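J.: Below is one structure. I have some questions about it.
Values in this text are rule-based calculations from the coordinates and carry no lab data. Everything numeric here is computed off the predicted structure, so don't read it as measured data. Don't worry about glycine lacking a Cβ; one is built from the backbone with ideal geometry, like all the others, and counts go over all protein chains shown.
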Amino acid sequence: MASEQDALTASGYIKHHLQNLTYGKLPDGNWGIAHGAEEAKQMGFWAIHLDTMFFSITLGLLFIITFRMAARRATAGVPGAWQNFVEWVIDFIESLVQDGFSGKNKLIGPLALTLFVWILLQNLMDLVPVDWVPHLAAMMGIPYLKIVPSTDPNATFGLSLSVFALVLFYSIKIKGIGGFAGELSLQPFSPNNIALKILFIPVNFLLEFVNLVAKPVSHSLRLFGNLYAGEMIFILIAIMYSAHISLGIFGGFLQLGWAIFHVLIVLLQAFIFAVLTIVYLDMAHQHH
């Protein structure tokens, strides 16, 4: 747990709230939970952020259970409020797929729906006051707890790499290995002269490979960066409550205003991630 001295400083408060609950191999060779950023760093690649995993899985199960309940209780008569909401979300995603995906693939709709709702639920956790859940966790002996999975690059990269794997799979499936290799090596420079075409292959491959790799990187960092910045602002506003009462009151109004504005960011980032997934998979299904 963060030391009492760190807890009394603004920098210690910020570091504590930005630290994940990390499980891995400790410097003494035993496996356990890191009690500080330095220990977490020494755990290396195989360390697991327990809080990210817990809240991601819990929110995913919440999505599955609640939408399944709506499906099982669906009626052709007058629908309830929850059925209305679920149907609206499904219609919204269906319209995105119809507008952005020109091929035929039954996976795209469910995938876009899952990503949109799951990421939206993760992002909405950023609207929970920053001290509530970590304070309860500290009372139970848990030293660190971040409740917003999308502020962890491991989560956003995991989502984007899963989409990237599907992009590679369908690119090879639809175009064949030769077609996919040609797409990476025979454009954008494609002269009619065979000798020049061969000469441009390394240049084309370099440009197209960078473009290909940039997709999962930008896909993940866009979501992470926006939510991480939003979380940081909430933490900075929370520090104002420890100052004199007038600054605390101002911080309260500031927090309310930022929360209202942040709702747009929460919705927009889930929407962008789902739309880009549809666009990337549409590109993978197209022949050149």
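J.: When averaged across all projection directions, what area in nm² does the alpha-carbon convex hull of the chain cover?
T.: The directionally averaged projection comes out at 21.2 nm².
J.: Where does helix 153-185 land angle-wise versus the long Cα axis of the chain, in degrees 0 to 90, nearest 10?
T.: Roughly 0 degrees, rounded to the nearest 10.
J.: What are the lysines whose alpha-carbon lies under 20 Å from the alpha-carbon of Lys15, with same-chain residues fewer than 8 places away excluded?
T.: Straight-distance partners of Lys15: Lys41, Lys146.
J.: Give, in nm to one decimal, the length gained when the segment between Ile245 and Asn193 is fully stretched (0.36 nm per residue of separation minus the Cα-Cα distance).
T.: Between Ile245 and Asn193, full extension yields an extra 11.1 nm.
J.: With labels modelled as points extended 7 Å from the Cα through the Cβ direction, what inter-label distance (nm, one decimal) is found for Ser162 paired with Ile174?
T.: Between Ser162 and Ile174, the simple spin-label model gives 2.1 nm.
J.: Angle check, please: helix 108-124 long axis (alpha carbons) against the longest principal axis of the chain (alpha carbons), in degrees 0 to 90, nearest 10.
T.: 20 degrees
J.: Using a Gaussian network model on the chain with a 10 Å cutoff between Cα atoms, which of Ile260, Ile147, Ile57 fluctuates the most?
T.: Ile260
J.: Zone of Leu127 (label point 7 Å along Cα→Cβ, backbone N under 20 Å): which residues in the stretch 251-288?
T.: 252-274
J.: Could you give log10 I(q)/I(0) at q = 0.15, 0.26, 0.27, 0.28 Å⁻¹ for the stretch 15-75, computed by the Debye formula over C-alpha point scatterers of equal weight, without solvent?
T.: -0.55, -1.00, -1.04, -1.08
J.: Next question. Under Stokes-Einstein, with the Kirkwood radius over Cα pairs standing in for Rh, what whole-number D in µm²/s applies to the stretch 119-213 at 4 °C and 1.567 mPa s?
T.: 75 µm²/s
J.: Taking loop as defined by DSSP and a crowding limit of 12 other beta carbons within 10 Å, which chymotrypsin sites (Phe, Trp or Tyr not before Pro) in the stretch 21-72 fit?
T.: When the chymotrypsin sites (Phe, Trp or Tyr not before Pro) of the stretch 21-72 are filtered for loop state and at most 12 Cβ neighbours within 10 Å, Phe45, Trp46 remain.
J.: I'd like the FRET efficiency for Val279 and Met140, computed as 1/(1 + (r/R0)^6) with the beta carbon distance as r and R0 of 41 Å, rounded to 0.05.
T.: Calculated transfer efficiency: 0.40.
J.: Just to be sure I understand: with springs between alpha-carbon atoms less than 10 Å apart, which residue in Ile48, Ile233, Ile249 has the highest mean-square fluctuation in the Gaussian network model of the chain?
T.: Taking springs between Cα atoms under 10 Å, the residue moving most is Ile249.
J.: In nm, give the distance between the simple-model label positions of Thr9 and His287, each being 7 Å from the Cα along the Cα-to-Cβ direction.
T.: Placing both labels 7 Å beyond Cα along the Cβ direction yields 6.5 nm.
J.: Rg(Cα) of the stretch 242-288 divided by 2.2 N^0.38 Å?
T.: 2.10
J.: Which value in deg cm²/dmol, rounded to the nearest 500, describes the helix-derived mean residue ellipticity at 222 nm for the chain, given -39,500 (n - 2.57) per DSSP H run of n ≥ 4 and division by the residue count?
T.: -24000 deg cm²/dmol
J.: Follow-up. So, R0 is 22 Å and r is the distance between the beta-carbons of Val213 and Val263; what FRET efficiency does that work out to, to 0.05?
T.: Once the sixth-power term is evaluated, E becomes 0.10.
J.: If you don't mind, another one. Express in whole angstrom the spacing between the alpha-carbon centres of the stretch 167-207 and the stretch 18-96.
T.: What the calculation gives is 38 Å, centre to centre.
J.: Give me log10 I(q)/I(0) at q = 0.16, 0.25 Å⁻¹ for the stretch 134-177, Debye formula, one equal scatterer per alpha-carbon, no solvent.
T.: -0.59, -0.83
J.: Enumerate the lysines that Lys197 could reach by cross-link, defined here as Cα to Cα under 23 Å, with residues fewer than 8 away along the same chain left out.
T.: Cross-link targets: Lys175.
J.: Find the relative contact order for the chain and round it to a whole percent, using C-alpha pairs within less than 8 Å whose residues are 6+ positions apart.
T.: 23 percent
J.: Suppose the Debye formula is applied to equal point scatterers at every Cα of the stretch 61-196; what is log10 I(q)/I(0) at q = 0.09, 0.22 Å⁻¹?
T.: -0.49, -1.33
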